[in-house]
1. For helix 46-69, report the angle its Cα long axis makes with the longest principal axis of the Cα atoms of the chain; keep it between 0 and 90° and round to the nearest 10°.
2. Give me the angle, in degrees from 0 to 90, between the Cα long axis of helix 21-41 and the longest principal axis of the Cα atoms of the chain, rounded to the nearest 10.
3. Between Met1 and Asn97, how many nm apart are label points set 7 Å from Cα along the C-beta direction?
4. Just from its helices, what would the mean residue ellipticity at 222 nm be for the chain, if runs of 4 or more DSSP H residues each count -39500 (n - 2.57) and the sum is divided by every residue, rounded to the nearest 500 deg cm²/dmol?
5. Whole-Å semi-axes of the chain's equivalent ellipsoid, largest first, each the root of 5 times a Cα gyration tensor eigenvalue?
6. Enter the angle in degrees (range 0 to 90, nearest 10) between the Cα long axis of helix 98-114 and the first principal axis of the Cα atoms of the chain, meaning the one along which they spread out most.
7. Give the calculated FRET efficiency between Phe21 and Phe109 to the nearest 0.05, with a Förster radius of 25 Å applied to their Cβ-Cβ distance.
8. Under a cut-off of 26 Å between alpha-carbon atoms, report the lysines in cross-link reach of Lys36, not counting same-chain residues fewer than 8 places apart.
Amino acid sequence: MGFNEEELTYIKIATSGFLKFGARKKIAGWLKPLAKKLEELKTLSATERDKELKEILNLYTAARQEEVRKGARNHGHAGWAAAAACESWVQEILGGNEQSIKRVEIIIFELIRRG
């Protein structure tokens, strides 16, 4: 299991349960538009696609860091988990192989369905 898959698994576990509905909804709310954007990027050349992905990654990294500055301390924090889930997905697309991306996307689409 790679780092991104592990992070997403921690997020999934930390946001399980009745009291974490708001976190699940927020995570899905961030992942759905990202899924749409990633689908649109498939039409670009590999160079253009990677450039766009790196810009998107920087946005989610900044969002996750901002949540830490606001006090997020664990995988169950809604804002941090939403940004980190998006960040992990984009990182895996940029640096993973076909199999690792598929494993990550299984978790991603489960996180979307749970929201």
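Every read-out reported here was derived from the displayed coordinates using simple, explicitly stated rules and does not represent laboratory data. As the structure is a computational prediction, the values presented were derived from the model and not from experiment. A quick note on method: Cβ atoms are made from the backbone with ideal geometry, for glycine too, and the neighbour counts reach across all protein chains shown.
1. Result, in degrees: 20.
2. Roughly 0 degrees, rounded to the nearest 10.
3. So the two model labels end up 2.0 nm from each other.
4. My calculation for the chain gives -27000 deg cm²/dmol from helical runs alone.
5. So the equivalent ellipsoid measures 23, 15, 13 Å along its semi-axes.
6. So the helix axis and the longest Cα principal axis differ by about 40 degrees.
7. With a Förster radius of 25 Å, E is 0.85.
8. By straight Cα distance, Lys36 reaches Lys12, Lys20, Lys25, Lys26, Lys51, Lys54, Lys102.
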